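> Before I ask anything, here is the structure I am working with.
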Amino acid sequence: LPRLPESFPELQNLTCLSVNDISLQALPENIGNLYNLASLELRENLLTYLPESLAQLQRLEELDLGNNELYHLPETIGALFNLKDLWLDGNQLAEIPQEVGNLKNLLCLDVSENKLECLPEEINGLASLTDLLVSQNLLQVLPDGIGKLKRLSILKVDQNRLIQLTDAIGDCESLTELVLTENQLLTLPKTIGKLKKLNNLNVDRNKLTSLPKEIGGCCSLNVFSVRDNRLSRIPPEISQATELHVLDVAGNRLMYLPLSLTTLKLKALWLSDNQSQPLLTFQTDTDPETGEKILTCVLLPQMPSEPGCQDNLPRCGALESLVNEMSDETWNERAVNRVSAIRFLEDEKDEEDNEMRTLLRRATPHPGELKNMKKTVENLRNDMNAAKGLDSNKNEVNNAIDRVTTSV
């Protein structure tokens, strides 16, 4: 259904119109005549532009234009003053008109999966906004005006090109979830410690070389993930985030963990990609360089950044390096083969048995693979039975020949 009838906008009592996924190529130019419309869903169509009359839908509260072919938004989009939810994800937008800042009642704005290189500074006018989703774009920075969004609760900027995070982020006092995965961040601003309501912080797969000590100010932080960065240490002040239950620091360059970590009631601490359980037994030690009391275990350091680091391994309590010496360029390469084994403790009655018993972990077969394995075994069994049958027949024939020969 590429088009709606030109007379369609005469349905002036219509309040909800949902025409998702029907290959719609264009809207009637007089779509604005549906002045009672409160919800308009146009997701997964082939729309390339929006008619100017759309601005006449003054009662519209929900507009879903996700997964179309929109390259441009009309400036008149800012006239939809009662709009609460605006979905523009999965289009070809390179910019958002500054007039979008006029949407004072907007609660949710989703512009993920577009080609945005920047957000307008006027976004600071979205006083009611609680959800801002800008994942999978080309953003290098966020506007300072984002700090004006006092009600913003969820901010997702993953899979962009962020090289820095604005200090104004600390002014988003209602922020509970901040996702910055897969960007180019080298540091986090100190102001992040002002986010007292932040519950989930994910900065996986960036280029962080350090964390600000102010991170401990996130007193409501429950899940903190910085997997696959370039961290060599975790600030001891992280223990001030007393609500922290899940900490993921796998795939970094950690030489040790701060002793203060023991004061937290962690339910899961991830240090390595092939770790078999969430918590490991640590031992206290002393950093030979700073004299600081630290925690260490067999998984630390995970990946020494230079050959000289290996000299410190025994002194920091680690048993051995888990990987070979690697140059800085190969830090992000994941093709490191590790053979892991679960070793069972010997019972007292088996003390005389010096044989080392190990259980090597193998990948669990997919159910489909198990079925194929079963068929293969059954076929082999049938073949063997058939072969046995042939052998028995041959034996009977041979015995019969022998009897005939003997009688003759």
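The values are calculated or read from the model by the stated rules, or taken from the named source; none is laboratory data. Since we're looking at a predicted model, the values are computed, not measured. So basically every Cβ, Gly included, is an ideal-geometry build from the backbone, and we count neighbours across all protein chains shown. For the accessible areas, the whole protein counts, side chains as well, though only heavy atoms, and no ligand, DNA or RNA atoms are used. Shrake-Rupley method; radii C 1.70, N 1.55, O 1.52, S 1.80 Å.
> What number comes out for the charge environment of L208, summing +1 per Lys or Arg and -1 per Asp or Glu over other residues with Cβ under 12 Å away? Walk me through the intermediate numbers first.
Values: positive: R205, K207, R227, R230, R233, R253; negative: D204, D228.
After counting each charged neighbour, the total is +4.
> Next question. Suppose we keep just the DSSP beta bridges with both residues in the range 8-296; what percent of those would be antiparallel, to 5?
Numbers: 6 of 39 bridges.
Among the beta bridges of the range 8-296, antiparallel pairing accounts for roughly 15 percent.
> For the range 8-296, report the accessible area per residue in Å² (1.4 Å probe, heavy atoms, rounded to an integer).
Result: 42 Å² per residue.
> Residues in the range 203-221, backbone N under 13 Å from the label point at D287 (7 Å along the Cα-to-beta-carbon vector): list them, ranges by number please.
210-211, 213
> Where does each of W270, W87 land when they are ordered by accessible area, with a 1.4 Å probe and the largest first?
W270, W87
> Now a separate question. Tell me the net charge near G90. Cut-off is 10 Å between Cβ atoms, G90 excluded, with +1 for each Lys or Arg and -1 for each Asp or Glu.
Computed value for this residue: -4.
> Taking 0.36 nm per residue of separation and subtracting the Cα-Cα distance, what length does fully extending A79 through M373 add? Display every interim value, and only then the final one.
Working: separation 294, 0.36 × 294 = 105.84 nm, distance 6.35 nm.
Additional length available on full extension: 99.5 nm.
> Here is a follow-up. What is the gain in length, in nm to one decimal, between N382 and N222 on full extension, counting 0.36 nm per residue of separation less the C-alpha to C-alpha distance?
Taking 0.36 nm per residue and subtracting the Cα distance, the gain is 51.9 nm.
> Shifting gears a bit: Using alpha-carbon pairs under 8 Å, 6+ residues apart, how would you state the relative contact order of the range 8-296 in percent?
Over the range 8-296, the number comes to 8 percent.
> In what sequence, largest accessible area first, do D287, D171 appear using a 1.4 Å probe?
Highest to lowest solvent-accessible surface, that is D171, D287.
> Distances over 29 Å make up what percent of all Cα-Cα pairs in the range 8-296?
Across the range 8-296, Cα pairs with separations above 29 Å total 43 percent.
> In the structure displayed, which of K194/K267; K84/K267; K156/K190; K213/K293 lie more than 27 Å apart, Cα to Cα?
K84/K267
> Expressed in nm to one decimal, what extension gain is obtained for the pair Q184 and N105 from 0.36 nm per residue of sequence separation less their Cα-Cα distance? Show your work: numbers first, answer last.
Numbers: separation 79, 0.36 × 79 = 28.44 nm, distance 3.29 nm.
Taking 0.36 nm per residue and subtracting the Cα distance, the gain is 25.2 nm.
> Report the net charge of residues surrounding L80, where surrounding means a beta-carbon distance below 14 angstrom and charges are Lys +1, Arg +1, Asp -1, Glu -1. Write down the numbers at each step before the final one.
Numbers: positive: R59, K84, K104; negative: E52, E61, E62, D64, E75, D85, E99.
Residues close to L80 contribute a combined charge of -4.
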